[in-house]
Amino acid sequence: MADLFEAAGLTPHAPSPLAERLRPQTLAEVVGQDHLLGPDGAIGRMAQARRLSSMILWGPPGTGKTTIARLLAKAAGYEFMQLSAVFSGVADLKKAFEQARARRAAGQSTLLFVDEIHRFNRAQQDGFLPFVEEGIVTLVGATTENPSFELNGALLSRCQVFVLKRLDEDALTSLLAKAEAAEGRALPLEENARHALVALADGDGRYLLTLAETLFNIGSAKPLDTKELGQVLQKRSPAYDKDREGHYNLISALHKSIRGSDPDAALYWLCRMLDGGEDPLFIARRLIRAAAEDIGEADPMALVLANAAKDTYDFLGSPEGEIALAQLVVHLAAAPKSNAVYVAYKAAMKAARETGSLSPPAHILNAPTRLMKDLGYGKGYAYDHDAPEGFSGQNYFPDGMGRKKFYDPKGDGVEARIKDRLDRWAELRERRGRQG
């Protein structure tokens, strides 16, 4: 009687997926990671010396993390053990460590590969420490998330972190060539569609081979063009996680492109975020901040337009409202820049915290009662509208606190006129101070 696996066609003779059949057999066959695996690469040197250090492999999906760990164990003569943080618990870890300890007693080293290591909680990560320190296991952890945020500092201090690169076009093209050689036939694609297939993989070698296998299986009678390829294969969602590092990296790139006065780059990052499913109102909030922080008084209307773009999106929704965000991004990037108000605010806040108990000078205090008048409140106050040039030049800082200059206009855009006015008022204040 056939079991469930046989009924499903998963017998020992069932064909393996193309990506598994093309898995490299040596480190030299791994594509796209020469900076680590080449003769001068850190991991390549370890493999040549057959002495491995514990490490964290950080990189996007489909860049070879699992394959590298397997081949490292093979090259160095270590026993390979694999756990997944998604499916393994404390009991699995204890069992792995006990087996590794027994092997060590017999003179055999163990490479323990932990996939998705960032999914272990802090206490579980701490459990690795004594076994890594004693050399019972050489730990190779794989993660798609920034280790600085997701892994314990104690564990990181005992491991080297190696960054795997997203596979570039050359690496992906070489994988397609290997797939065609393994199948003994060319992919049914026109040249433009072949480039589109590589772009569709978005740097993920495993995903590219999965797409290629789909194309081999459909066996098209004629080569597909780009439009026909899109009809056969669904577009992959961009690698963008809204609650992890990619979220913050892209909004930072958008903000800095605006600050750097590059509307083209800013539009690109805006579209990357929108295409990745980011909440447009989250983007709008950052754009409002950029208008206040980086444009400021050089173009005071920027803040008004930023709020207007947010309101427009609220009113229209997607996708029409996103055009207002694009218009705002271009306006902010092309606008004159000044962070003078932002810098002044921080300096004034620092001074306020340091001198928080000082009272305003008596001459600028209101005196609604007789007692307050008797105490000198409002005495000597000069009404600026009655002063020459509409400027009295009186002191408005607390008594006992010298005059401070927080706001220093940059002199670009509208702020150039503000700078002229402030310079004139400073001159009048100094002159009337000498006369007084």
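A few points about this structure:
- Test: residue in the range 115-134 that is basic (Lys, Arg), in contact with a helix residue (DSSP H, G or I) (Cβ under 6 Å, 6 or more places away or on another chain), open to solvent by 50 Å² or more (accessible area, probe 1.4 Å) and at pLDDT below 95: no
- Counted residues, the range 367-382 - those being under 15 Å from Asn395 (Cβ atoms) and open to solvent by 40 Å² or more (accessible area, probe 1.4 Å): 3
- Among the residues of the range 56-82, those that are more than 13 Å from Leu37 (Cβ to Cβ), among the hydrophobic types (A, V, I, L, M, F, W, C) and over 29 Å from the mean Cα position of the chain (by Cα) comprise Ala73, Ala76, Phe80, Met81.
- The residues listed here are Asp412, Asp408; of these, the one that is in a loop (DSSP other than H, G, I, E, B), open to solvent by 80 Å² or more (accessible area, probe 1.4 Å) and under 20 Å from Tyr342 (Cα atoms) is Asp408.
- Number of residues in the range 183-219 that are open to solvent by 40 Å² or more (accessible area, probe 1.4 Å) and either assigned to a helix (DSSP H, G or I) or more than 16 Å from Val31 (Cβ to Cβ) (or both) equals 18.
- Subset of the range 311-338 [in a helix (DSSP H, G or I), touching a residue at least 12 places away in the same chain (Cβ under 8 Å) and either more than 27 Å from the chain's Cα centre (by Cα) or over 19 Å from Ser257 (Cβ atoms) (or both)]: Thr312, Tyr313, Asp314, Gly321
- Single residue of Ala284, Ala292 found to be among the aliphatic types (A, V, I, L, M), open to solvent by 10 Å² or more (accessible area, probe 1.4 Å) and either under 25 Å from Gly413 (Cα atoms) or in contact (Cβ under 8 Å) with a residue 40 or more places away in the chain (or both): Ala292
- Long-range neighbours under 9 Å by Cβ, at least six apart or interchain, first residue free of Cβ contacts under 8 Å to residues at least 60 places away in the same chain and at positive phi within the range 407-428, second part of a helix (DSSP H, G or I) and open to solvent by 40 Å² or more (accessible area, probe 1.4 Å): Gly411/Lys419; Gly411/Asp420
The values are calculated or read from the model by the stated rules, or taken from the named source; none is laboratory data. As the structure is a prediction and not an experimental result, all values here were calculated from the model. All Cβ positions, glycine included, derive from the backbone under ideal geometry; neighbour counts span all protein chains shown. Each accessible area value is taken on the protein alone, full model and side chains, heavy atoms only, with ligands, DNA and RNA left out. Shrake-Rupley method; radii C 1.70, N 1.55, O 1.52, S 1.80 Å.
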